[in-house]
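This report concerns only the one structure given below.
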Amino acid sequence: MSQRVTIERIREKKKNGEKIIVLTAYDYPLASLIDRTDVDIILVGDSLANVVLGLESTTQVGMTEMLHHAKAVRRAVKRALVVGDMPFESYQADPSMAVVNARRFVEEAGCDAVKLEWFDECLKVAGDIVRAGIPVMGHVGLTPQTAQKLGGFKVQGKDAAAAREIIRNAKALEGKGCFSVVLECIPSPLAAMITKKLSIPTIGIGAGKECDGQVLVTHDLLGLFDRFRPKFVKQYVHLNDSIQEGITRFCAEVKKGQFPDASHSYAMEQGELERLERQNK
Ligand code: KIV
């Protein structure tokens, strides 16, 4: 097994100009597969709500669901850095509970760090969690937990004033000790500018190729989620089609009595079978 990824290694990657690769995972099987690749960070994202639980909004998952899934991911991951995404209720609904809940991600679920999205009290909350000794990944630009306030799921920072605010927020999160910051759905030149200005790594999603790293929702890139697909998603394989095909073939073989065949069934010794038949008359 290659070496465990540490926060230090993530910082070093920016210094060396090596790209940082981040993917989401919510369960043991996918997390195990991802951990055997070059992915540096596995994010137990609150996108769990949309791509696994069939909910409309990420604000509909809470600590119970997030910890449950983070524990499954932790059991699988031996190498990558595991980041737990703090759900809306755990810090935005009541910022005074943020440190307690961040600690639960680390102590109960075994996460290495937490992520939180920008909101009015984000700087205080991020600073408190960092001071408690828990590494924090920030998230600016399009922040799904407060998307309604931002006018919906739209590109952010398109005019100079809005762009300046995103730069300020990213810089302030660096000042609070965050080890990295996600830039979601902002123009590529703005992301490039932020990436140059910050000493901590930027992780882009819909933010162009100049970011220090890239993140995607795994179910999107694998073609496992098709309820909606933002422009920034690239589907590398179409697992929905393969799964559908496998299940359709299973149904057809069961209906025709072709499954299970002898190679998927258990035989019985002839003598024992005859004894059973005699006793059963
Ligand atoms: O919840 C999530 O999956 C995320 C990523 C899209 C960054 O926050």
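Observations, loosely collected:
- The C-beta contact set for the range 101-127 (first residue more than 16 Å from residue 145 (Cα to Cα), second residue in a loop (DSSP other than H, G, I, E, B) and β-branched (Val, Ile, Thr), distance under 6 angstrom, 6+ apart or interchain) comprises 102/134; 106/134.
- Helices (runs of 4 or more DSSP H) wholly inside the range 1-54 containing at least 3 residues that are in contact (Cβ under 8 Å) with a residue 40 or more places away in the chain: 7-16, 28-35
A quick yes/no check of all residues on (1) out of contact with any strand residue (DSSP E or B) (no Cβ under 9 Å at 6 or more places or on another chain); (2) within 22 Å of residue 214 (Cα to Cα):
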| residue | (1), (2) |
| --- | --- |
| 34 | no, yes |
| 40 | no, yes |
| 52 | yes, yes |
| 65 | yes, no |
| 74 | no, yes |
| 89 | yes, no |
| 94 | yes, no |
| 115 | no, yes |
| 121 | yes, no |
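- Of all residue pairs spaced 6 or more apart or on separate chains, those with beta-carbon atoms under 6 Å, a first member in the range 186-203 that is in contact (Cβ under 8 Å) with a residue 24 or more places away in the chain and a second member that is of a type in the set (A, V, I, L, M, F, W, C) and more than 16 Å from the ligand (Cβ to nearest atom) are 190/163; 194/167.
A quick yes/no check of all residues on (1) within 16 Å of the ligand (Cβ to nearest atom); (2) outside the structural domain of residue 47 (by TED's automatic domain parsing); (3) closer than 20 Å to residue 26 by Cβ:
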site: 173; (1), (2), (3): yes, no, no
site: 185; (1), (2), (3): yes, no, no
site: 189; (1), (2), (3): no, no, no
site: 192; (1), (2), (3): no, no, no
site: 209; (1), (2), (3): no, no, no
site: 212; (1), (2), (3): yes, no, no
site: 215; (1), (2), (3): yes, no, yes
site: 219; (1), (2), (3): yes, no, yes
site: 273; (1), (2), (3): no, yes, no
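- There is at least one residue in the range 11-29 that is more than 17 Å from residue 214 (Cβ to Cβ) and in contact with a Lys or Arg (Cβ under 8 Å, 6 or more places away or on another chain).
- Listed by position, the strands (runs of 3 or more DSSP E) enclosed by the range 168-281 include none that has at least 3 residues that are surrounded by fewer than 19 Cβ atoms within 10 Å (Cβ to Cβ) and not polar (S, T, N, Q).
- Single unsatisfied condition, residue 36 versus (1) crowded, with 16+ Cβ neighbours inside 10 Å; (2) within 19 Å of residue 219 (Cα to Cα): (1)
- Members of the range 53-69 that are within 12 Å of the ligand (Cβ to nearest atom) and surrounded by 19 or more Cβ atoms within 10 Å (Cβ to Cβ): 58, 59, 61, 66, 69
The values are calculated or read from the model by the stated rules, or taken from the named source; none is laboratory data. These figures come from a predicted structure and were not determined experimentally. Using ideal geometry, Cβ is built from the backbone for each residue, glycine included, and neighbour counts are taken over all protein chains shown.
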